[in-house]
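Only one structure is covered here, and it is reproduced in the block below.
The values are calculated or read from the model by the stated rules, or taken from the named source; none is laboratory data. No experiment lies behind these values; they were computed from the predicted model shown. Cβ coordinates were reconstructed from backbone atoms using ideal geometry, including for glycine residues, and neighbour counts include every protein chain displayed.
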Amino acid sequence: MSKEIEVKFSARGKEDELTLSEQAGVALSGCCTEPLLKYGVQAMEDCRNNRASKAIEMVALDIFINTGMVSNMVDSHKYNTNLAHALFNSMTILPQVEERHRHGEVVSYGTLVLLTMDKQYDKLDRFFDFYKEMKLPTKLADIEVSVDELGPVLDEAVKKYDLDYSPYKITQDMIKAAILELEEYNKKKEA
């Protein structure tokens, strides 16, 4: 779920600097989200029921083909990651995250933070609803993190190379504000 969001965010405003391969990778990243939104819930249900299906095939092809091609077409230190991965890599300093939460679930949470910070609210709505159906984290409590634990995480996040290629400078205050806004968004959706 992070591929399209992070790649397009990282490459925004740098279109004149992109190689032909990177241009193709950025364009192809737009194909990474829809198959997951369309088939993801059914694919998970089919997996749980040990049932082969078109949904599983479509999700697997999307992950291995589309996402894999994008990762190989864009410079991995410039356009392949951004805030979602910087947050994951920083949150692993917290023992509960390192010990009990997988890469994909923490990156998925970070994707919501990035969408919130960048004010991509239409996508945030779609991703949030999908995450709820998939039982993916949408708030700090889902990954056993409290607001009080964010200081060292944010200190580390802004040092990650993942943020070197962004359309604007990302600060600790911006990330924290996005996290707090996402916490409030969760409360409104649960009400």
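Which residues, counting only those in region 107-123, are closer than 21 Å to Thr171 by Cβ and either surrounded by fewer than 20 Cβ atoms within 10 Å (Cβ to Cβ) or hydrophobic (A, V, I, L, M, F, W, C) (or both)? Outline the logic, then answer.
Filtering region 107-123 down to residues closer than 21 Å to Thr171 by Cβ leaves 107, 109-121.
Residues satisfying the conditions are Val107, Leu112, Val113, Leu114, Leu115, Met117, Lys119, Gln120, Tyr121.
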Going by the structure shown, is Leu136 under 16 Å from the mean Cα position of the chain (by Cα), closer than 22 Å to Tyr79 by Cβ and buried (at least 19 other Cβ atoms within 10 Å of the Cβ)? no
Can you tell me how many residues in region 143-157 are without any contact (Cβ under 8 Å) to a residue 24 or more places away in the chain and either in contact with a strand residue (DSSP E or B) (Cβ under 7 Å, 6 or more places away or on another chain) or under 18 Å from Leu114 (Cβ atoms) (or both)? 0
Counted residues, region 28-59 - those being surrounded by fewer than 15 Cβ atoms within 10 Å (Cβ to Cβ) and without any contact (Cβ under 8 Å) to a residue 24 or more places away in the chain: 10
Please list, ordered by first then second residue, the pairs with beta carbon atoms under 9 Å, 6 or more apart or interchain, first in region 179-191 and closer than 19 Å to Leu154 by Cα and among the charged types (D, E, K, R), second at pLDDT 95 or above and outside any helix (DSSP H, G or I). Glu183/Lys139
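Of all the residues that make up region 31-75, how many are in a loop (DSSP other than H, G, I, E, B) and in contact with a helix residue (DSSP H, G or I) (Cβ under 6 Å, 6 or more places away or on another chain)?
Kept after step one, since they are in a loop (DSSP other than H, G, I, E, B), are these residues of region 31-75: 31-33, 49-53, 74-75.
So of that shortlist, the ones also in contact with a helix residue (DSSP H, G or I) (Cβ under 6 Å, 6 or more places away or on another chain) come out as 31-33, 53, 74.
Within region 31-75, residues that are in a loop (DSSP other than H, G, I, E, B) and in contact with a helix residue (DSSP H, G or I) (Cβ under 6 Å, 6 or more places away or on another chain) number 5.
Looking at Val107, Val145, Val113, which is the one that is outside any helix (DSSP H, G or I), of a type in the set (A, V, I, L, M, F, W, C) and touching a helix residue (DSSP H, G or I) at 6+ places or on another chain (Cβ under 9 Å)?
Details: Val107 fails: outside any helix (DSSP H, G or I); Val113 fails: outside any helix (DSSP H, G or I).
Result: Val145 is the single residue among Val107, Val145, Val113 that is outside any helix (DSSP H, G or I), of a type in the set (A, V, I, L, M, F, W, C) and touching a helix residue (DSSP H, G or I) at 6+ places or on another chain (Cβ under 9 Å).
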Take the residues of region 76-104 that are out of contact with any helix residue (DSSP H, G or I) (no Cβ under 7 Å at 6 or more places or on another chain) and outside any helix (DSSP H, G or I): which is modelled with the highest pLDDT? Arg102
